[in-house]
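To start, the structure under review is shown below, and the notes come after it.
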There are 2 protein chains.
Amino acid sequence: MAVYTHQTAPTRYVETTGFRFAYRRFGKRGGVPLVFNQHFRGTMDYWDPAVTDGLAKSREVILFNNAGISSSSGQAPTTVQEMGANVIAFIKALGLCKVDVLGFSIGGMVAQEITTQAPDLVRRLILVGTGPRGADMSMSRSAEIFAGTYDPPEHLWLAVHFSPSPSSRAAGLAFLERKLRRKDRDPEVSEQAAAAQREAVAKYTAQRECALDYLKNLRQPTLIVQGSNDVIIPTVNSYLLQQNLSNAQLVLYPDANHGSFYQYPELFVSQAEQFLTSALQDGANLQPSERLPFPSVISAERT
Amino acid sequence: MAVYTHQTAPTRYVETTGFRFAYRRFGKRGGVPLVFNQHFRGTMDYWDPAVTDGLAKSREVILFNNAGISSSSGQAPTTVQEMGANVIAFIKALGLCKVDVLGFSIGGMVAQEITTQAPDLVRRLILVGTGPRGADMSMSRSAEIFAGTYDPPEHLWLAVHFSPSPSSRAAGLAFLERKLRRKDRDPEVSEQAAAAQREAVAKYTAQRECALDYLKNLRQPTLIVQGSNDVIIPTVNSYLLQQNLSNAQLVLYPDANHGSFYQYPELFVSQAEQFLTSALQDGANLQPSERLPFPSVISAERT
């Protein structure tokens, strides 16, 4: 069988529940595959090959377009919950019973919904540049940045993903070069689908009353990664996620914005790899009832 | 020359500025040594051998007792600033011009003062379970936990360093076993020195007006590590440190308390090792004036 990479993996299709999903599968087979959930307006071509190929060295990587996005059929739904349900249908259509899930930005919200709706399907979770239901978006500059004009147009993604420092900007230009290498590219996301994504994020982050309660039920070992100053989904949301999940490691990168893992792809791949393979992480995956009282049990422990 | 470890490194002494400092040096020579700054009431014997020996595989490790602590002479000062000045004198007395500095708890505060007072002496900084000047201690349970009675007495350190979960507690018992292996032990910290440390932390954390301003001048690449729920120095302080330092990576471990790096020693050693050897980290070590305006430069860049 041919060994595919980010650049060479052919686009394949799978049909289910009324949708035809476009996907690409590559990397080392035999373990639990890692399913990548993309950000606002992104297609399979928007991932950083340094990240996907980096992780594909040790595991199978699955990129796809969700329903209504780019080369996948159907209409993009206007809730994150429905987007999550569509991904579950896609994963099951591939015949997979257990996956690791990575989600970036709105894809991180979708990843949380996948895990909430199908907890047995998900082994471990990686959340990059995202936030919980009811995320604090008050400091987000997303609307302003996406409304801007850029020349060349792909420099929009420097403003979205990278910081204004010279080193971050240089990392951004290197990322764009890697990202644009593949020639047989997915069609761009339609305005209609982008509007649906925007509406879904607005509803998701507008939740207030007990918004974070659902995080108590996400027991999968989770790695949360964000930049020190994310102007799209403010950084404090990753801190909130970590503080409200029972088994999450948080990593914040310096001088970094929304695309922090594209700024430090080798560091990210190494930390993600360590997280996905580590046996240590599962020990902390506790039901609240398994927790001992604290700290009285320690002084009461006379024998 | 004999190859020493945490268990076998002999206690040596160096004299300077009126103090005789006790220290132990071991590990791989030839690079930048890593100087460990200890927590409240701790001596050289309080470090986790899994951490010190783990890091000593790739670099020289220096443990010591600061002035007035255990086997070092003199009186412990009542300010973190003076403690930092004493460490600088100690490092210079060893003839070292460049070191990496690790600080844990009050030792992390001392590490920040070392770096503030002698920026050219410090290459990189690792801050574990600590906070900045003016740290928010409102949720700290330190007073209550240190006032408790424990049987055996060393179980105090389970309450200080580990969480109430069975897996964290098991990690705590394993840590105590490792910690107590060495037989020729340092004398315990005197009540007088402990009172001085307590006073120093109280003054340091009482600062309010522009308390965080000094962090702007700490440009060293910094790795910040803390547990998800640190009951001694509340976890939010590590987030504050990261958000106010120009070049800091933050890692928060799940289900962990003040001694998070003793709960996950292999993960910590691997991440610290990666941080200390990474070339990527230095790129972000910027003067604020080097920052480009954001994001206008991007759309203004028509050629």
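The values are calculated or read from the model by the stated rules, or taken from the named source; none is laboratory data. Predicted model only: the values in this text are computed from it and were never measured. Note that we place each Cβ from the backbone using ideal geometry, even for glycine, and neighbour counts take in every protein chain shown. What goes into the accessible areas is simple: the full protein's heavy atoms, side chains included, and nothing from ligands, DNA or RNA. Shrake-Rupley method; radii C 1.70, N 1.55, O 1.52, S 1.80 Å.
Whether any residue in region A:36-49 is surrounded by fewer than 23 Cβ atoms within 10 Å (Cβ to Cβ) and without any contact (Cβ under 8 Å) to a residue 40 or more places away in the chain is what I want to check.
No, region A:36-49 contains no residue that is surrounded by fewer than 23 Cβ atoms within 10 Å (Cβ to Cβ) and without any contact (Cβ under 8 Å) to a residue 40 or more places away in the chain.
Restricting to region B:158-184, name every residue that is surrounded by 15 or more Cβ atoms within 10 Å (Cβ to Cβ), touching a residue at least 60 places away in the same chain (Cβ under 8 Å) and among the charged types (D, E, K, R).
Correct list: B:R178, B:K179, B:R182.
Give the residues of region B:190-224 that are more than 30 Å from B:S278 (Cα to Cα), in contact with a helix residue (DSSP H, G or I) (Cβ under 8 Å, 6 or more places away or on another chain) and not charged (D, E, K, R), sorted by residue number.
Of everything in region B:190-224, those that are more than 30 Å from B:S278 (Cα to Cα), in contact with a helix residue (DSSP H, G or I) (Cβ under 8 Å, 6 or more places away or on another chain) and not charged (D, E, K, R) turn out to be B:Q197, B:A200, B:V201, B:Y204.
When B:K203 is evaluated against the numbered criteria (1) within 26 Å of A:Q243 (Cβ to Cβ); (2) outside any loop (DSSP other than H, G, I, E, B); (3) away from chain A (no Cβ under 14 Å), which criterion, by number, is the only one it fails?
With (1) within 26 Å of A:Q243 (Cβ to Cβ); (2) outside any loop (DSSP other than H, G, I, E, B); (3) away from chain A (no Cβ under 14 Å) applied to B:K203, the lone miss is (1).
Sort out which residues of region B:223-269 are of a type in the set (G, A, S) and either farther than 13 Å from A:Y239 by Cα or open to solvent by less than 10 Å² (accessible area, probe 1.4 Å) (or both), and write them in order of number.
B:G227, B:S238, B:S246, B:A248, B:A256, B:G259, B:S260
Checking B:D136 against (1) among the acidic types (D, E); (2) more than 17 Å from B:Y214 (Cα to Cα); (3) open to solvent by 40 Å² or more (accessible area, probe 1.4 Å), which test does it fail?
Unmet condition: (2).
Of all the residues that make up region B:89-113, how many are free of Cβ contacts under 8 Å to residues at least 60 places away in the same chain and open to solvent by less than 10 Å² (accessible area, probe 1.4 Å)?
Counting residues in region B:89-113 that are free of Cβ contacts under 8 Å to residues at least 60 places away in the same chain and open to solvent by less than 10 Å² (accessible area, probe 1.4 Å) gives 2.
List every residue pair whose Cβ atoms sit under 8 Å apart, with the two residues 6 or more apart in sequence or on different chains, where the first one lies in region A:239-267 and is under 19 Å from A:T115 (Cβ atoms) and the second, anywhere, is modelled with pLDDT under 95 and open to solvent by less than 10 Å² (accessible area, probe 1.4 Å).
Short answer, once both residue conditions are applied: A:S246/A:A284; A:N247/A:Q281; A:N247/A:A284; A:Q249/A:Q281.
Among the candidates B:S228, B:S190, which residue alone is modelled with pLDDT of 95 or more, in contact with a strand residue (DSSP E or B) (Cβ under 6 Å, 6 or more places away or on another chain) and among the small types (G, A, S)? Break it down into steps so the answer makes sense when it comes.
Details: B:S190 fails: in contact with a strand residue (DSSP E or B) (Cβ under 6 Å, 6 or more places away or on another chain).
Sole residue among the options that is modelled with pLDDT of 95 or more, in contact with a strand residue (DSSP E or B) (Cβ under 6 Å, 6 or more places away or on another chain) and among the small types (G, A, S): B:S228.
So, of the residues in region A:139-156 that are aliphatic (A, V, I, L, M) and assigned to a helix (DSSP H, G or I), which turns out to be least open to solvent (accessible area, probe 1.4 Å)?
Taking region A:139-156 first, the residues aliphatic (A, V, I, L, M) are A:139, A:143, A:145, A:147, A:156.
Those still in the list that are assigned to a helix (DSSP H, G or I) too: A:143, A:145, A:147, A:156.
Numbers: A:A143: 84, A:I145: 1, A:A147: 82, A:L156: 23 Å².
Only one residue fits best here, namely A:I145.
Would you confirm, using the coordinates I've provided, whether A:V87 is in contact with a strand residue (DSSP E or B) (Cβ under 7 Å, 6 or more places away or on another chain) and modelled with pLDDT of 95 or more?
Considered against the rule, which asks whether it is in contact with a strand residue (DSSP E or B) (Cβ under 7 Å, 6 or more places away or on another chain) and modelled with pLDDT of 95 or more, A:V87 comes out as yes.
Does region A:209-217 contain at least one residue that is free of Cβ contacts under 8 Å to residues at least 12 places away in the same chain, in a helix (DSSP H, G or I), of a type outside the set (A, V, I, L, M, F, W, C) and open to solvent by 30 Å² or more (accessible area, probe 1.4 Å)?
Within region A:209-217, one or more residues are free of Cβ contacts under 8 Å to residues at least 12 places away in the same chain, in a helix (DSSP H, G or I), of a type outside the set (A, V, I, L, M, F, W, C) and open to solvent by 30 Å² or more (accessible area, probe 1.4 Å).
Please indicate, with yes or no, whether at least one residue in region A:273-290 is surrounded by fewer than 24 Cβ atoms within 10 Å (Cβ to Cβ), modelled with pLDDT of 95 or more and within 10 Å of another protein chain (Cβ to nearest Cβ).
Looking for residues that are surrounded by fewer than 24 Cβ atoms within 10 Å (Cβ to Cβ), modelled with pLDDT of 95 or more and within 10 Å of another protein chain (Cβ to nearest Cβ), one finds at least one in region A:273-290, hence yes.
When you scan region A:253-262, do you find a residue that is in a helix (DSSP H, G or I), more than 8 Å from chain B (Cβ to nearest Cβ), modelled with pLDDT of 95 or more and closer than 19 Å to B:G227 by Cα, even just one?
No, because not a single residue in region A:253-262 is in a helix (DSSP H, G or I), more than 8 Å from chain B (Cβ to nearest Cβ), modelled with pLDDT of 95 or more and closer than 19 Å to B:G227 by Cα.
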